[in-house]
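The values are calculated or read from the model by the stated rules, or taken from the named source; none is laboratory data. Predicted, not measured: the structure shown is a model, and the values here were computed from it. Cβ placement follows ideal geometry from the backbone for every residue including glycine, while neighbour counts extend to all protein chains displayed. Remember, those area values only see protein heavy atoms, side chains included, never the ligands or the DNA or RNA. Shrake-Rupley method; radii C 1.70, N 1.55, O 1.52, S 1.80 Å.
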Amino acid sequence: MKEIKIESLLTVYDSLDELPKDVISLMEKAMEARDKSYSPYSNFSVGAAILLENNEIITGSNQENASYPSGLCAERTAIFYAGAQYPGVAMVRMAIIAGSKNKVTDAPIPPCGACRQSIAEYEVKQNQPIELYFMGEKGKVVKSHSLANLLPLVFDKSVL
């Protein structure tokens, strides 16, 4: 038997003000996207913004449906649109902001498992990391240099 240790290195900023200006701008785009969320069932709104290598910014928000599995998270809304409209253009950075309509969300909210898998697909496809920044409505912001920090044992095309 052998044990392995897997560690993730994340950077935590106390607030948006500590981020570089270009990242603050991307986070603001994610906030605008969050305001377009359609989340009448969960009352939990999420916005995502992706900076592409060509400097285009793609945004997405969560879109719910009365048939719960039919909805889509903000991260996947944005990443699938980017993949469909800009195939072959690398995704450099993603900003994610989430908040509840029922209470103030001040803890950083990372992507869900399905979104991690979807982001991983594009990270593997483009063979370069996608930097992630995520937060609640206010408070700390977490930076991950790569999706691999959040999903270290990724399931990808190499196993098929």
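A single entry from VAL89, VAL23, VAL12 fulfils the requirement of being assigned to a loop (DSSP other than H, G, I, E, B), of a type in the set (Val, Ile, Thr) and either open to solvent by less than 70 Å² (accessible area, probe 1.4 Å) or touching a residue at least 60 places away in the same chain (Cβ under 8 Å) (or both): VAL89. Applying a threshold of 8 Å to beta carbon distances and a minimum spacing of six or more residues, or different chains, the list of pairs starting in region 68-84 at a residue that is more than 16 Å from ILE97 (Cβ to Cβ) and ending at one that is of a type in the set (S, T, N, Q) and part of a helix (DSSP H, G or I) reads PHE80/SER118. The residues of region 29-74 that are assigned to a helix (DSSP H, G or I) and at pLDDT 95 or above, listed by number, are LYS29, ALA30, MET31, GLU32, ALA33, ARG34, ALA74.
Residues that are open to solvent by 30 Å² or more (accessible area, probe 1.4 Å) and aliphatic (A, V, I, L, M) were ranked within region 38-80; the one that is farthest from the chain's Cα centre (by Cα) is ALA66. If you check ILE109 against the conditions, is it modelled with pLDDT of 95 or more and touching an Asp or Glu at 6+ places or on another chain (Cβ under 7 Å)? Taking the combined requirement at face value, the residue does not satisfy it. Contact annotation: residue pairs with Cβ atoms under 6 Å, 6 or more positions apart or on different chains, pairing a residue in region 127-142 that is open to solvent by 10 Å² or more (accessible area, probe 1.4 Å) with a partner that is assigned to a strand (DSSP E or B) and aromatic (Phe, Trp, Tyr), are VAL142/PHE134. Against the definition (closer than 25 Å to TYR13 by Cα and not aromatic (Phe, Trp, Tyr)), how does GLU121 come out, yes or no? So GLU121 does not fit the description; no.
For region 81-103, the count of residues that are aromatic (Phe, Trp, Tyr) and out of contact with any strand residue (DSSP E or B) (no Cβ under 7 Å at 6 or more places or on another chain) is zero. Looking for whichever is of a type in the set (A, V, I, L, M, F, W, C) and in a loop (DSSP other than H, G, I, E, B) here; the options are ILE96, ILE109. Which one fits? None of the others qualify; the one that does is ILE109.
Take VAL124 and tell me if it is open to solvent by 10 Å² or more (accessible area, probe 1.4 Å), more than 21 Å from GLU32 (Cβ to Cβ) and in contact with a Leu (Cβ under 6 Å, 6 or more places away or on another chain). The answer is no for VAL124.
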